[in-house]
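See below for the structure under consideration.
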Amino acid sequence: IIGRDPDSDLALLKIDSPGPFRFLALTKTPPQVGQFVLAVGHPFGYKYSANFGIISGVERQNERVSFIYSFLQTDVGINPGNSGGPLLNMRGEVVGIDSWTLVNADNMGFAIPAAVVDEVIQKMLEKEKSGTDNLNPREKDIFDAGERILIKSP
């Protein structure tokens with residue numbers, strides 16, 4: 001683990017095994033309300049599933065979630081198992097990371113915007129470079145590469 005950010009619930013992993021790995025690029029274009037998106041994940045433990053929808057809102061806040069950034073709101077069905085998966089635009093770029101949904105709301109999911117993901121990644125890389133990360137030695141080496149989709153910061 002290179003770094004982790006409790007505020008965004010994101011972690012940055014270093015994978016030492018040989019590739020090849022498939023990378024998904026973070027979009028540089030802020031998503032717009034009405035834009036088509038696709039969520040990919042493992043809802044309820046199923047193998048890869050894809051859900052299609054739109055961006056319903058941007059810069060959403062929720063007092064019940066301790067998060068200092070704003071969220072993207074989408075009508076894509078985000079279920080347990082989708083969290084941490086990519087929210088993609090129609091060019092295959094990551095517009096967000098699927099995060100959470102309201103329990104009794106249909107078709108109301110939330111994602112961490114790509115710009116926030118990039119900001120958090122850059123902060124984690126700076127902390128690692130300066131030696132000020134907050135990881136203990138055991139945390140730095142607990143994941144293997146497995147079959148993962150990696151996200152490439154612009």
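The values are calculated or read from the model by the stated rules, or taken from the named source; none is laboratory data. Computed from a prediction, not measured in an experiment: that's the story for all the values here. Reconstructed Cβ throughout: ideal geometry from the backbone, glycine too, with neighbour counts over all protein chains shown.
Things to note:
- Residue, nearest to the chain's Cα centre (by Cα), within segment 24-42, restricted to residues that are of a type outside the set (Val, Ile, Thr) and surrounded by fewer than 12 Cβ atoms within 10 Å (Cβ to Cβ): LYS28
- The set of residues in segment 99-134 being among the charged types (D, E, K, R), over 11 Å from the mean Cα position of the chain (by Cα) and either under 26 Å from VAL58 (Cβ atoms) or exposed (fewer than 13 other Cβ atoms within 10 Å of the Cβ) (or both) consists of ASP106, GLU119, LYS123, GLU126, LYS129.
- The listed residue being within 14 Å of the chain's Cα centre (by Cα) and in a loop (DSSP other than H, G, I, E, B), out of GLY77, GLY19, GLY84, GLY96: GLY84
- Residue check: PHE44 meets all listed conditions (1) farther than 15 Å from ILE112 by Cα; (2) modelled with pLDDT of 95 or more; (3) of a type outside the set (Gly, Ala, Ser) but one, namely (2).
- Criterion: of a type in the set (Ser, Thr, Tyr) and at pLDDT below 85 - qualifying residue of SER70, SER83, SER8: SER8
- Candidates ASP98, ASP106, ASP75 - the one that is modelled with pLDDT under 85, more than 19 Å from ILE15 (Cα to Cα) and among the charged types (D, E, K, R): ASP106
- Every condition in (1) in contact (Cβ under 8 Å) with a residue 40 or more places away in the chain; (2) closer than 23 Å to GLY45 by Cα; (3) touching a Gly at 6+ places or on another chain (Cβ under 6 Å); (4) of a type outside the set (Ser, Thr, Tyr) is met by ASN107 except one, and the failing one is (3).
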